[in-house]
């Protein structure tokens, strides 16, 4: 089984960006732990700060017969991107959204999730464990 983990803007700064919210580990460290725990899954990983690149990667995953599903943390685009929502709406493969923090316990502008209605499911508020839960679910 091959799964794509796709991370959006600023997630390349995990470990140094607001560690009180996102933790002190880089995503590379988190990914190493995930690959150890889920050795039966071929985890592909991509991060981009650019909305159009995220759309291209989602479309690539949808058209790639080797990819069975996507774990997607869209970062701030969660709250703003109709284009990403439209991409998810067109996908047949399962897409599980991940938020490391509980977006509904944070600033009001983070309470809107434009992507959720077009995703298979969502895991939020468990820090780095959110990725583990999503991989288990998919």
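The convex hull of the Cα atoms of segment 2-137, projected and averaged over all directions, covers 7.3 nm².
Fully extending the segment from residue 33 to residue 64 would add 8.6 nm, taking 0.36 nm per residue of separation and subtracting the current Cα-Cα distance. Multiplying the residue separation of residue 80 and residue 112 by 0.36 nm and subtracting their alpha-carbon distance yields 10.7 nm. Can you give me the Cα centroid spacing of segment 116-138 and segment 1-68 in angstrom? Between the Cα centre of segment 116-138 and that of segment 1-68, the gap is 12 Å.
Going 7 Å from the Cα of residue 129 toward and past its Cβ, which residues in segment 34-63 have a backbone nitrogen under 20 Å from where you end up? Output list for this probe position: 34-39. Using just its DSSP H runs of length 4 or more, each adding -39500 (n - 2.57), the chain gives a mean residue ellipticity at 222 nm of -9500 deg cm²/dmol after division by all residues. Spin-label pair residue 137-residue 17: with each label point 7 Å from Cα along the Cα-Cβ axis, the two points sit 2.1 nm from one another. Only Cα pairs under 8 Å and 6+ residues apart enter the sum, and on that basis the relative contact order of segment 29-138 stands at 24 percent.
Comparing mean-square fluctuations of 107, 33, 18 from a GNM of the chain with C-alpha springs under 10 Å, the top value falls on 107.
Values in this text are rule-based calculations from the coordinates and carry no lab data. No experiment lies behind these values; they were computed from the predicted model shown. Cβ atoms come from the backbone with ideal geometry, glycine included; neighbour counts cover every protein chain shown.
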